[in-house]
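Engineer: Dropping a structure here in structure tokens format, bear with me for questions.
The values are calculated or read from the model by the stated rules, or taken from the named source; none is laboratory data. For clarity, every value in this text was computed on a predicted model and none was experimentally measured. Here Cβ is always computed from backbone atoms with ideal geometry, including for glycine, and neighbour counts include all displayed protein chains. Ligands, DNA and RNA are stripped out before the accessible areas are found, and what is left, the full protein with its side chains, is counted by its heavy atoms. Shrake-Rupley method; radii C 1.70, N 1.55, O 1.52, S 1.80 Å.
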Amino acid sequence: MRRLPSNAEQARMDEEVGGMTQGVEQRIRVAVIGGGIGGLATAAFLRRAGVSVEVFEQARELREVGAGLVVAPNAARLLRRLNPATTLDDVGVVLQRGWEFRRWADGTELFSQASGEVCRERYGEYTWTVHRADLLDILRSALPTELIHLGRRCVGFTQDEDGATVEFADGATVRADVVVAADGIHSLLRGHVTPPSEPQQSGLCAWRALVDVEAVPELARRPVQTLWLGHGRHFVHYPVSSGALVNIVAFSPERAGDVESWTAEGRVEDFAAEFAGWDPRLKALITAAERVGRWSVLDRAPLSAWVRGRLALLGDAAHPMLPFFAQGAGQAIEDAAVLAACLADEGSDPPSALAAYERVRLSRATRVQEASRGRLAHHHLPDGPAQRERDAAFAQEDPLGHNDWLYSYDAEQAAADSLG
């Protein structure tokens, strides 16, 4: 049976890579299942905290499919504290305006939120947009490659008073003090914390594409996160990859045959047909795409527990979010920072540390998860009295202050306050 590295072995590896944990006593050994954004963030924060950790990912190649995402100040400041070799400054775009809502038919601006320096002055960090693969590279750059093991598909889990064991499809096993399930919305390990269940269909189809910035209308080239709202549909675009590409993500009613897969292909002409009659600039943006992804959007209700003994859920395994609040990756990064703080706390045994993690994170992530679900009805109103009331209400909002609860939150400070 294979165990995680001994304290001496981990210290030697850290010395070889000049790591931040050099000379720090390793007290708890952690196995992270899943090498996506949540899994690598967990490993990076644990290593920074001086906790021995390894990542086990089922894919043979470590890569992030999909397209772009928003990294708001609550997550961006945590990433900066990791001091990774690759940073948001290297690969991201600083948004100058966020949540720019426009009317579907003619692009009338309904609301927008100042960002840029205004955001940095208020929250101590910018709001960024990045390609998912670039965010994965940032996290990977904070870790020695030998801590990441590919081709390891988890098929079983057991725990006892002394530790936990993970079983893999190739027959290998790993023994650790703590196991972190960062294995996504279809998490196998989730069923060891809460009764197993399948995610539910949301009724929506998602479309994604990346388009060369030179091929898109001028409106889409701006460093702005723009959302077009219409009946049963909405359309989002913003630049990524240091401004070289424009990310498109749009939502329309689910159709028969839609599958739940980040790699599912769609047709540009079908995408354009779903948004026929909308502002002609959107047609130009869609038809500039050479390839589009199309798949069904899944949903899960919030959980009442994330932890059982030595096993903790994290990221989409704990709180998968509809992508309408731009916080899926951000909440996984917050999870990672809090988990690391709890496991590094002096005197905590693993189950107590995980209980503290759940205590700090569950209510916060649940609030964000429910806010994301609430945006579905808000964004998809048909033209009429309710739509006019929504549009008028935009003018009553503080363009930035209404997100103070989200952006000013410091996950590490929340953990420190809870741990006393």
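Engineer: Just the residues that are assigned to a strand (DSSP E or B) and either of a type in the set (A, V, I, L, M) or open to solvent by 10 Å² or more (accessible area, probe 1.4 Å) (or both), please, taken from the range 190-224.
Structural biologist: Result: Q200, Q201, S202, G203, L204, A206, R208, A209, L210, V211, D212, V224.
Engineer: Looking at G35, is it at pLDDT 50 or above and either farther than 18 Å from I333 by Cα or open to solvent by less than 30 Å² (accessible area, probe 1.4 Å) (or both)?
Structural biologist: When the stated conditions are applied, G35 passes them.
Engineer: Return the total of residues in the range 369-400 being assigned to a helix (DSSP H, G or I) and either of a type in the set (S, T, N, Q) or under 23 Å from the mean Cα position of the chain (by Cα) (or both).
Structural biologist: Total meeting the criteria: 12.
Engineer: Being touching a helix residue (DSSP H, G or I) at 6+ places or on another chain (Cβ under 7 Å) and not small (G, A, S) is the filter; apply it to the range 388-409 and report the residue that is surrounded by the most Cβ atoms within 10 Å (Cβ to Cβ).
Structural biologist: Y407
Engineer: Additional query: If we scan the range 364-387, do we find a residue that is open to solvent by 30 Å² or more (accessible area, probe 1.4 Å) and closer than 25 Å to T158 by Cβ?
Structural biologist: no
Engineer: Of the numbered conditions (1) open to solvent by 10 Å² or more (accessible area, probe 1.4 Å); (2) touching a helix residue (DSSP H, G or I) at 6+ places or on another chain (Cβ under 8 Å); (3) of a type outside the set (D, E, K, R); (4) modelled with pLDDT of 95 or more, A337 fails exactly one; give the number of that condition.
Structural biologist: All conditions pass for A337, except number (1).
Engineer: In the range 116-126, what residues are closer than 30 Å to R388 by Cα and either in contact with an Asp or Glu (Cβ under 7 Å, 6 or more places away or on another chain) or open to solvent by 10 Å² or more (accessible area, probe 1.4 Å) (or both)? If you could, list the steps in order and put the result at the bottom.
Structural biologist: Restricting attention to the range 116-126, the residues satisfying the condition of being closer than 30 Å to R388 by Cα are 116, 118-119.
Across the range 116-126, the qualifying residue is only V118.
Engineer: Tally up the residues in the range 162-221 that are in contact with a Pro (Cβ under 6 Å, 6 or more places away or on another chain) and modelled with pLDDT of 95 or more, please. Step through it out loud before you land on a result.
Structural biologist: Taking the range 162-221 first, the residues in contact with a Pro (Cβ under 6 Å, 6 or more places away or on another chain) are 177-178, 185.
From what is left, the residues that are modelled with pLDDT of 95 or more are 177-178.
So the count comes out to 2.
Engineer: Related question: Report, by residue number, each residue of the range 308-334 that is more than 18 Å from R367 (Cα to Cα) and not in a loop (DSSP other than H, G, I, E, B).
Structural biologist: The answer is R308, L311, A312.
Engineer: Which residue out of G156, G107 is surrounded by fewer than 17 Cβ atoms within 10 Å (Cβ to Cβ) and outside any strand (DSSP E or B)?
Structural biologist: So the residue among G156, G107 that is surrounded by fewer than 17 Cβ atoms within 10 Å (Cβ to Cβ) and outside any strand (DSSP E or B) is G107.
Engineer: Right, here's the next one. Tell me, please, whether a residue that is open to solvent by 30 Å² or more (accessible area, probe 1.4 Å), of a type in the set (S, T, Y) and under 20 Å from A133 (Cα atoms) can be found in the range 248-265.
Structural biologist: Yes: the range 248-265 contains one or more residues that are open to solvent by 30 Å² or more (accessible area, probe 1.4 Å), of a type in the set (S, T, Y) and under 20 Å from A133 (Cα atoms).
Engineer: Being part of a loop (DSSP other than H, G, I, E, B), farther than 25 Å from L229 by Cα, among the polar types (S, T, N, Q) and under 20 Å from the mean Cα position of the chain (by Cα), is that true of even one residue in the range 115-138?
Structural biologist: Taking every residue of the range 115-138 in turn, none turns out to be part of a loop (DSSP other than H, G, I, E, B), farther than 25 Å from L229 by Cα, among the polar types (S, T, N, Q) and under 20 Å from the mean Cα position of the chain (by Cα).
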